[in-house]
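Asker: One structure, pasted below without further comment.
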Amino acid sequence: MAADGLITIRSNFGPEDTMKRLEAEVKARGLTVFAHVDHTAGAAAVDLKLRPTDLLIFGNAKGGTPLMQQAQTAGIDLPLKALVWQDEQGATWLSYNDPAFLAQRHGAGEPAKPAVAALTGALQAIATKATAP
């Protein structure tokens, strides 16, 4: 289940509750929710089945801009994204891109390290609040 640069955490809640908790924590931290993409609803709209798969796109300029100042191409991976999904056994997971992987992918140098550390800490805290009791 591991993919390069992807952090995946098992949730103690179902997909709907995990997404509600995720969105609430993002907003509580003063971040902007830019979009909510319900892939399952999109699949259903064209008569296809898909287990719960829900994407939240969020962030703020203060967090992402320092990374883009070092490597503008990082803008393809920002704002931040988190995916809540359910596997074949019914377990719920939350996945997000590792900021260190993104920095490496785009060749951001040493000056990007504080921004990467801040993004990493924020994402870990948000993911924990969304998935842990």
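Asker: For region 1-70, build the charge dipole from Cβ charges (+1 Lys, Arg; -1 Asp, Glu) around the Cα centre, then report which of 15, 37, 68 sits farthest towards its positive end.
Answerer: Result: 68.
Asker: Which value at 222 nm does the chain reach when only helices count, each DSSP H run of 4 or more adding -39,500 (n - 2.57), with the total divided by all residues and rounded to the nearest 500 deg cm²/dmol?
Answerer: -13000 deg cm²/dmol
Asker: Work out the count of Lys pairs in the chain where the Cα-Cα distance is under 18 Å, with the pair 8 or more places apart or on different chains.
Answerer: 8
Asker: Find how many whole Å separate the alpha carbon centroid of region 1-57 from the alpha carbon centroid of region 84-133.
Answerer: Taking the Cα centre of each part, region 84-133 and region 1-57 sit 13 Å apart.
Asker: What ratio of Cα Rg to 2.2 N^0.38 Å holds for the chain?
Answerer: 1.07
Asker: Next question. Mind putting a number on the dipole of the chain about its Cα centre? Charges go on the C-beta only, +1 for Lys and Arg and -1 for Asp and Glu, and I need it in Debye to the nearest 20.
Answerer: 380 debye
Asker: How much of the accessible area of the chain, probe 1.4 Å, is carbon plus sulfur, in whole percent? Each step should come with its number before you reach the end.
Answerer: Details: 4140 of 7500 Å².
That share works out to 55 percent.
Asker: Per residue, how much accessible surface does the chain expose to a 1.4 Å probe? Answer in Å², no decimals.
Answerer: Ligands and nucleic acids excluded, the figure is 56 Å² per residue.
Asker: Then there is this: Rounded if a/c is under 1.5, else prolate if a/b beats b/c, else oblate: with a ≥ b ≥ c from the C-alpha gyration tensor eigenvalues square-rooted, which is region 73-113?
Answerer: prolate
The values are calculated or read from the model by the stated rules, or taken from the named source; none is laboratory data. Just so it is clear, the model here is predicted, and its values are computed rather than measured. Ideal geometry is used to build each Cβ from the backbone, glycine not excepted, and the neighbour counts take in all protein chains shown. All accessible areas refer to the heavy atoms of the entire protein, side chains included, with ligands and DNA or RNA removed. Shrake-Rupley method; radii C 1.70, N 1.55, O 1.52, S 1.80 Å.
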